[in-house]
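The values are calculated or read from the model by the stated rules, or taken from the named source; none is laboratory data. These numbers come from a predicted model, not from an experiment. Here the Cβ is made from the backbone with ideal geometry for all residues, glycine too, and neighbour counts use every protein chain on show. Keep in mind that these areas ignore ligands, DNA and RNA; they rest on the heavy atoms of the full protein, side chains included. Shrake-Rupley method; radii C 1.70, N 1.55, O 1.52, S 1.80 Å.
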Amino acid sequence: MAFDGLFNLIDIMVLGFGFYAMYSAWVLRQEGKIIRTFLALRDTDLDSCKDLQGYANCMSPKLWTLGIVMVAYAGISLLNTYVVSINSLFWMMMAVFLITLFWYGMEVKKAVIKYF
């Protein structure tokens, strides 16, 4: 397994962030704690949440979706790089990943407006 550059590093980072997103969704659902990295805009005061349980119910499934898509994309990209060439699947997952990332950003913005 050879390290081929910046894009491979990005794939490994996306894989790690995907697992972290799933962990954040689990923490939000189980403990009701908001992890700022994925769940709030930078200038949002987390203590001013009007309905934490409603926010958790709203955002947890969306964060799970983001995490799963991130892990799937990174796994396929690393598989494409190191094991077997599956370019069509790679480009399809790249599109799904980018669309999901954009969708999740819009959902966070809407949830912050509604719950904070």
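Scan the stretch 18-38 for residues that are more than 9 Å from the chain's Cα centre (by Cα) and modelled with pLDDT under 80 and jot them down. So that I can check it myself, show each step before the final result.
Applying the first criterion (more than 9 Å from the chain's Cα centre (by Cα)) to the stretch 18-38 yields 23-37.
Result: 32, 33, 34, 35, 36, 37.
Could you check the stretch 77-90 and list, in sequence order, the residues that are open to solvent by 30 Å² or more (accessible area, probe 1.4 Å), free of Cβ contacts under 8 Å to residues at least 60 places away in the same chain and hydrophobic (A, V, I, L, M, F, W, C)?
Scanning the stretch 77-90 gives 79, 83, 84, 86, 89.
Taking residue 59, is it at pLDDT 90 or above, in a helix (DSSP H, G or I), open to solvent by less than 30 Å² (accessible area, probe 1.4 Å) and closer than 18 Å to residue 22 by Cβ? Don't jump to the end; show me each part of the working.
Numbers: at pLDDT 90 or above: no; in a helix (DSSP H, G or I): yes; open to solvent by less than 30 Å² (accessible area, probe 1.4 Å): yes; closer than 18 Å to residue 22 by Cβ: yes.
No, not satisfied.
State all residues of the stretch 80-98 that are in a helix (DSSP H, G or I) and either touching a His at 6+ places or on another chain (Cβ under 7 Å) or among the small types (Gly, Ala, Ser) (or both); if no residue qualifies, say none.
Taking the stretch 80-98 and keeping what is in a helix (DSSP H, G or I), we get 80-82, 87-98.
Across the stretch 80-98, the qualifying residues are 88, 95.
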